[in-house]
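The values are calculated or read from the model by the stated rules, or taken from the named source; none is laboratory data. What you see is a predicted model, and the numbers here were worked out from it, not measured in a lab. When we count neighbours, we look across all protein chains shown, and the Cβ atoms used for this are built from the backbone with ideal geometry, even at glycine.
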Amino acid sequence: MSQIVRIGYKFMRMMCWLKTTQDDVRTVGAGDLLHMLTTTDSAHAVHNDMRGHTGQIFTMGTGVLDQKASKQKMNTRSSTECEHVGTSEGFISKCLWKNKVINSKVII
């Protein structure tokens, strides 16, 4: 299967999924404004150039408030190293910024 056909197939699957979920209600809530949960996970050598992929979600109780998924900027030799790189590539600073905003009680 050529890459153009594969991209077209993925696009059509995504559009069908969006069409079937357009009336879904997104529920977001916070059980406690002083506690946040950030979960990060990385996968080793999943891209053609053997780079890893990292994803992160941020929640304060019910529903996901923020998420990010990206290809890692450097190659790693093991899944453990991939986890370390994934955590350090911008995810820590994003968590610290959110924590600072929450603790300052500033409403944005």
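Looking at the structure I just gave you, is His84 at pLDDT 90 or above and surrounded by 10 or more Cβ atoms within 10 Å (Cβ to Cβ)? No; evaluated as a whole, the condition is false for this residue.
Does Gly61 fit the bill of being touching a Gly at 6+ places or on another chain (Cβ under 9 Å) and surrounded by 14 or more Cβ atoms within 10 Å (Cβ to Cβ)? The answer is yes for Gly61.
Out of Thr40, Thr54, one residue alone is under 30 Å from Asn103 (Cα atoms), in a strand (DSSP E or B) and in contact with a Phe, Trp or Tyr (Cβ under 6 Å, 6 or more places away or on another chain). It is Thr40.
Exactly one residue out of Leu34, Leu96 is in contact (Cβ under 8 Å) with a residue 24 or more places away in the chain and surrounded by fewer than 15 Cβ atoms within 10 Å (Cβ to Cβ): that is Leu34. Checking each residue in segment 64-81 for being among the β-branched types (Val, Ile, Thr) and surrounded by 12 or more Cβ atoms within 10 Å (Cβ to Cβ) picks out Val64, Thr76.
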